[in-house]
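Data first, discussion second: the structure below is written as structure tokens.
The values are calculated or read from the model by the stated rules, or taken from the named source; none is laboratory data. Note that the coordinates shown come from a computational prediction; the quantities given were computed from them, not determined experimentally. A quick note on method: Cβ atoms are made from the backbone with ideal geometry, for glycine too, and the neighbour counts reach across all protein chains shown.
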């Protein structure tokens, strides 16, 4: 676990959207003294009061402009397609020199639009903590969520080096490992290791149900808990489909803001599944064995990389 800082990176941070990720960032910032004071901003006072009771924030505001006005760091932790509208509502009230970041799972569209909106003297640094769960809400937030996790920062050639340095210090203070890359590179890579797995998880569930109930009318008329295959499903099925418990609206927005890269990843995935299908139908033992052996080697390499 990281040690508490003797001197905070930012005096005041404002978090717009104090849910799972926003709440965890607030808890981490307070736990490790990366920020002196955390302001939560949202639309529902009851939820913000709960966030305060849980230790995610020190104070709160229902008004974006008022909430960000004294913040040295503004973290927009709202759904992907509301990040820019949120920034538009906050930008006129930003304190001179403020650093603004987000936690969106896609970066290219957000960074391009945010960079155009920022007033002179303020900086936007795109961010994406590669952490979380299928749960939602501040009730599931944890101060140690980012310890050991990768936290991507996506500066552009116009990004202030001072702002990037401060964001890097903040990320390190909450225990995460910094990965700096362009927004375009980020979107291409997360399409493979984050967005595609969610699509595959959902597709697997659709496959099981449609195999038993072919038409949409049949599926709507049935109690899905009666799907016969579910009685045979064990750990591998549970693990592969776990992420499909995530809020559908989040994944709709991610797919629509990273459409090209996700579509490319799905195309590659489809071609690889077709290779396996062909090998199975042709009874090619060596190709089938090689398919799973190579995957096993890749999996082991992945696990070794996580230990470094």
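Summary table below
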read-out: Subset of region 48-60 (residues that are buried (at least 19 other Cβ atoms within 10 Å of the Cβ) and either more than 18 Å from residue 30 (Cα to Cα) or over 24 Å from the mean Cα position of the chain (by Cα) (or both)); value: none
read-out: Count of residues meeting criterion [crowded, with 24+ Cβ neighbours inside 10 Å and either free of Cβ contacts under 8 Å to residues at least 24 places away in the same chain or within 16 Å of residue 39 (Cα to Cα) (or both)] in region 91-108; value: 5
read-out: Residue within region 134-144 that is at pLDDT below 95, touching a strand residue (DSSP E or B) at 6+ places or on another chain (Cβ under 9 Å) and either surrounded by fewer than 19 Cβ atoms within 10 Å (Cβ to Cβ) or in a strand (DSSP E or B) (or both) present; value: no
read-out: Residue in region 48-60 that is touching a strand residue (DSSP E or B) at 6+ places or on another chain (Cβ under 8 Å), assigned to a helix (DSSP H, G or I), under 22 Å from residue 4 (Cα atoms) and outside the structural domain of residue 246 (by TED's automatic domain parsing) present; value: yes
read-out: Single unsatisfied condition, residue 67 versus (1) more than 19 Å from residue 140 (Cα to Cα); (2) in contact with a helix residue (DSSP H, G or I) (Cβ under 6 Å, 6 or more places away or on another chain); value: (2)
read-out: Given (1) in contact with a strand residue (DSSP E or B) (Cβ under 7 Å, 6 or more places away or on another chain); (2) under 20 Å from residue 40 (Cα atoms); (3) not in a loop (DSSP other than H, G, I, E, B), index of the condition residue 70 fails; value: (3)
read-out: Among (1) under 14 Å from residue 124 (Cα atoms); (2) touching a residue at least 60 places away in the same chain (Cβ under 8 Å), the one test that residue 23 misses; value: (1)
read-out: Those residues of region 276-294 which are surrounded by 12 or more Cβ atoms within 10 Å (Cβ to Cβ) and within 24 Å of residue 198 (Cα to Cα), in sequence order; value: 276, 291
